[in-house]
1. Would you confirm, using the coordinates I've provided, whether Lys49 is surrounded by fewer than 14 Cβ atoms within 10 Å (Cβ to Cβ), in contact with a Ser or Thr (Cβ under 8 Å, 6 or more places away or on another chain), modelled with pLDDT of 90 or more and not hydroxyl-bearing (Ser, Thr, Tyr)?
2. Taking the stretch 11-46 only, how many residues are part of a helix (DSSP H, G or I) and either within 19 Å of Leu58 (Cβ to Cβ) or within 16 Å of the chain's Cα centre (by Cα) (or both)?
3. Just need a number here: residues in the stretch 31-55 that are without any contact (Cβ under 8 Å) to a residue 12 or more places away in the chain and closer than 24 Å to Cys14 by Cα.
4. Does any residue of the stretch 28-41 turn out to be basic (Lys, Arg), at pLDDT 65 or above, in contact with a strand residue (DSSP E or B) (Cβ under 8 Å, 6 or more places away or on another chain) and surrounded by 10 or more Cβ atoms within 10 Å (Cβ to Cβ)?
5. Restricting to the stretch 34-48, give me the number of residues that are closer than 10 Å to Arg23 by Cβ and among the β-branched types (Val, Ile, Thr).
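The values are calculated or read from the model by the stated rules, or taken from the named source; none is laboratory data. Note that this is a predicted model, so its numbers are computed, not measured. Glycine also receives a Cβ, built like all others from the backbone with ideal geometry; neighbour counts cover every protein chain displayed.
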Amino acid sequence: MQIENNITDELAGCVSRATVIRRNEPLAKHTTLRVGGPADVYVEPATEKDLAQVPKRLQEQTKSSLENENSLGHLRRLTDVQSWSA
C-alpha cells in the first residue's frame, strides 16, 4: 500500500490537475465486456505531456523500489549468514 501511495503522490506532482489518478480502480468500469479487477494505480492522462510523464515517473519509481528491495534482500542474507555463524 505504501508503494501505491508513493506512486500516486509522485504522479500527482508531475501531471496536470485534469489527469485522473485513482487507487484500486475497478477495471470493469473501463472495458467493453465489463470484466477486470482493481488496478493498484489507474491513470487517465489529460494531455500528451501528461501521457509522456506517466511511464517516465513509473519507471523511476519502479527502479527506486527495486533498488530498495534488492538492498533489503542483501541485508536479510547478511543477517542470515551472521546468525548461522554465531
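1. On the way: surrounded by fewer than 14 Cβ atoms within 10 Å (Cβ to Cβ): yes; in contact with a Ser or Thr (Cβ under 8 Å, 6 or more places away or on another chain): yes; modelled with pLDDT of 90 or more: yes; not hydroxyl-bearing (Ser, Thr, Tyr): yes.
Considered against the rule, which asks whether it is surrounded by fewer than 14 Cβ atoms within 10 Å (Cβ to Cβ), in contact with a Ser or Thr (Cβ under 8 Å, 6 or more places away or on another chain), modelled with pLDDT of 90 or more and not hydroxyl-bearing (Ser, Thr, Tyr), Lys49 comes out as yes.
2. Taking the stretch 11-46 and keeping what is part of a helix (DSSP H, G or I), we get 11-14, 27-30.
From what is left, the residues that are either within 19 Å of Leu58 (Cβ to Cβ) or within 16 Å of the chain's Cα centre (by Cα) (or both) are 11-14, 27, 30.
Looking only at that region, the number is 6.
3. First pass over the stretch 31-55, keeping only residues without any contact (Cβ under 8 Å) to a residue 12 or more places away in the chain: 31-37, 48, 51-52, 55.
Within this subset, residues satisfying the condition of being closer than 24 Å to Cys14 by Cα are 48, 51-52, 55.
Matching residues across the stretch 31-55 total 4.
4. First, the residues of the stretch 28-41 that are basic (Lys, Arg): 29, 34.
Then keep just the ones that are at pLDDT 65 or above; that gives 29, 34.
This time we only want the ones that are in contact with a strand residue (DSSP E or B) (Cβ under 8 Å, 6 or more places away or on another chain), so: none.
Looking for residues that are basic (Lys, Arg), at pLDDT 65 or above, in contact with a strand residue (DSSP E or B) (Cβ under 8 Å, 6 or more places away or on another chain) and surrounded by 10 or more Cβ atoms within 10 Å (Cβ to Cβ), one finds none in the stretch 28-41, hence no.
5. Of the residues in the stretch 34-48, the ones closer than 10 Å to Arg23 by Cβ are 38-42.
Restricting the remaining residues to those that are among the β-branched types (Val, Ile, Thr) gives 41.
Residues in the stretch 34-48 being closer than 10 Å to Arg23 by Cβ and among the β-branched types (Val, Ile, Thr): 1 in total.
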